[in-house]
Amino acid sequence: VAKLGQRRFYRRAVVVCLIFFSVFLIVNDFQKFEYYVAKDGNIAKSIMQAISTTDDSIDDHQVQSIQEQRHQAENLTIEEQPVRIAYRAMAGIGHQLARMASVYALAKNYNIPNIHITINPMCGGTISTIYDHLFGPGPIIVNLDTKMTQLPRILPKLKMDLTNLTSVQRNANINNEVPNFKAHNPLAVAQYAEDIELYSYELYQQLMLLFQHKHKDRIQQMYERLNFHNQTVFALHVRGGNGEKRSFKVHHRGFQIDENRWIRNVIKLLCNYSRNHDHYFKKKPLMIFVGTDTGSIVTRLQNASKSMCEVPVVSIPQEYPDEGKGVSFQVFTGSKKDVSKNEKCLKSYEDMLLDMYFFTLSNTVIPGMYSSFTQTAPLFHILHKAKSSKMDEVDPDHHPHYFCDVGNAGDRMKCFNTLRSWALNRDEKFSYGNTTSPSQSPRLVEIQSSNINGADMGSHIKYVFKDTALKEIKQ
């Protein structure tokens, strides 16, 4: 009897174990896609800890941890990560990063934990050469801890189908433009400003952290050389075109008046601003940091400043294309046969990102004219500082953070501290200079947002994921 009871106990124990195991398999089938996030949850924590700071100090060990996790992410099996986005970037660096933010938003919405970024082969290398040089090897990590509020309502509802994984495609391939996301729609940007600020800042800060980690020696050298920390830095971006043709000319971009006149006007504008608001610059004097596509612009700005108010005008030493011969990404393309050209090509991309990095460290960003370059990391870092900085309350002499568009003649600026007001080009924090002078034009909002004009773009997204494990929910 005792043996019979013991056998019954064992049989019941086995049945209970089988039930628990079956439940585990069912739950695991639904949650397998969350494996990567759960296993490596410290990725999101590392990134969020790093981006939560509003000063310039970054824990190098923190960024190293992110890099290690990026390396691990490249070796995940299809069971561990059934779907990943492979994004092919195109055109100039500002255009690339603006579209990359839309890819990041798409990945957040569908719980895809990383994005593999490539670009058309340049600099004599492969599709990965440029981004590996800028940020190190590995995908972009998507922070799935923070949730968007409105954008998911617009995108089609898709869920993971983990059956028959061996027969599905792993990569969802997106080239340049992201389905359901459109630029030049300020109303949509204003409507979804909260979400756009959330995911854009997450992406751009991760990129800036990775860039800093990869190029820390050069960054530190320039930071100390420019005495950046002891200045109130206004970052001025001058996208003159340097003889660029094609769409640049078609859309009437660049200087709208004589270049030298514009240069004198913008320096006079900033000189007068520093005099009329001198209490902001007593502890930390004003310094103008210039990013441009035309080398002679820096010298001409410096000469104008010396003749007016002697506000320091500085820039990163770098090689520019010859005067009137176009811009870096079109001129320094590299060659399969010439190593020196390849090095120059990679250096030009590094220089562009270095300018952008120092723009994000600045107090105020001033786009001299329309450019997607300033509408990426520079814009969202400044808005983040404007929202999170408490220095204005602690120290009334600390200059607030603004994003200021310069007018066509260079003699006025409109300054904003929210994405909504900037996108709509109204309710600015203040205007300064000749306020009767024409505002910046053309003024295109390069930031992308989900299409809200009634067009059914959902089918395009379904097409991107159609052969993967991400399937449409049947109503």
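Which residue is surrounded by the fewest Cβ atoms within 10 Å (Cβ to Cβ), if the candidates are limited to segment 74-93 and must be more than 19 Å from Thr374 (Cα to Cα) and of a type in the set (A, V, I, L, M)?
Looking at the filtered set, the residue picked out is Ile78.
Going by the structure shown, is Arg70 within 20 Å of Lys462 (Cβ to Cβ), in contact (Cβ under 8 Å) with a residue 60 or more places away in the chain and surrounded by fewer than 22 Cβ atoms within 10 Å (Cβ to Cβ)?
no
I'm told Ser200 meets every condition in (1) surrounded by fewer than 16 Cβ atoms within 10 Å (Cβ to Cβ); (2) polar (S, T, N, Q); (3) closer than 29 Å to Tyr463 by Cβ; (4) at pLDDT 90 or above except one. Can you identify the failing condition by its number?
That leaves (1) as the condition not met.
Testing Ser437 on (1) more than 20 Å from Ile267 (Cβ to Cβ); (2) surrounded by fewer than 23 Cβ atoms within 10 Å (Cβ to Cβ), one condition comes back false. Which one is that?
Among (1) more than 20 Å from Ile267 (Cβ to Cβ); (2) surrounded by fewer than 23 Cβ atoms within 10 Å (Cβ to Cβ), Ser437 violates only (1).
Can you tell me how many residues in segment 276-313 are without any contact (Cβ under 8 Å) to a residue 60 or more places away in the chain and not in a loop (DSSP other than H, G, I, E, B)?
Total meeting the criteria: 20.
Can you tell me which of (1) buried (at least 21 other Cβ atoms within 10 Å of the Cβ); (2) at pLDDT 85 or above is the one Lys344 doesn't meet?
Going through (1) buried (at least 21 other Cβ atoms within 10 Å of the Cβ); (2) at pLDDT 85 or above one by one, Lys344 breaks only (1).
If you scan segment 255-277, which residues turn out to be at pLDDT 95 or above and either open to solvent by 70 Å² or more (accessible area, probe 1.4 Å) or of a type in the set (A, V, I, L, M) (or both)?
Arg261, Ile263, Arg264, Val266, Ile267, Lys268, Leu269, Leu270, Arg275, Asn276
Of all the residues that make up segment 314-338, how many are assigned to a helix (DSSP H, G or I) and either at pLDDT 75 or above or aromatic (Phe, Trp, Tyr) (or both)?
Matching residues across segment 314-338 total 1.
Taking the options Ser441, Ser421, name whichever one is out of contact with any strand residue (DSSP E or B) (no Cβ under 9 Å at 6 or more places or on another chain) and at pLDDT 95 or above.
Just one listed residue meets the conditions, Ser421.
Could you identify the single residue in Leu155, Leu187 that is farther than 27 Å from Lys347 by Cβ and in contact with a Gly (Cβ under 8 Å, 6 or more places away or on another chain)?
Of the residues listed, the single one that is farther than 27 Å from Lys347 by Cβ and in contact with a Gly (Cβ under 8 Å, 6 or more places away or on another chain) is Leu155.
Those residues that are in a helix (DSSP H, G or I) and either within 13 Å of Phe359 (Cα to Cα) or not acidic (Asp, Glu) (or both), I need them from segment 216-242; list them, please.
Lys216, Arg218, Ile219, Gln220, Gln221, Met222, Tyr223, Arg225, Phe228, His229, Asn230
How many of the residues in segment 167-185 are in contact (Cβ under 8 Å) with a residue 12 or more places away in the chain and farther than 22 Å from Ala91 by Cα?
Residues that pass the stated criteria total 4.
Sort through Asp456, Asp467 and tell me the only one that's more than 28 Å from Lys283 (Cβ to Cβ), among the acidic types (Asp, Glu), modelled with pLDDT of 85 or more and open to solvent by 60 Å² or more (accessible area, probe 1.4 Å).
Answer to the check: Asp467.
Table: residues versus (1) under 19 Å from Cys271 (Cβ atoms); (2) part of a strand (DSSP E or B); (3) open to solvent by 10 Å² or more (accessible area, probe 1.4 Å); (4) of a type outside the set (S, T, N, Q).
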site: Tyr370; (1), (2), (3), (4): no, no, yes, yes
site: Thr374; (1), (2), (3), (4): no, no, no, no
site: Pro378; (1), (2), (3), (4): no, no, no, yes
site: Ile382; (1), (2), (3), (4): no, no, no, yes
site: Lys387; (1), (2), (3), (4): no, no, yes, yes
site: Pro396; (1), (2), (3), (4): no, no, yes, yes
site: Pro400; (1), (2), (3), (4): no, no, yes, yes
site: Cys404; (1), (2), (3), (4): yes, yes, no, yes
site: Asn408; (1), (2), (3), (4): no, no, yes, no
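The values are calculated or read from the model by the stated rules, or taken from the named source; none is laboratory data. Computed from a predicted structure; not experimentally measured. Reconstructed Cβ throughout: ideal geometry from the backbone, glycine too, with neighbour counts over all protein chains shown. Accessible surface areas use protein heavy atoms only, side chains included; no ligands, DNA or RNA. Shrake-Rupley method; radii C 1.70, N 1.55, O 1.52, S 1.80 Å.
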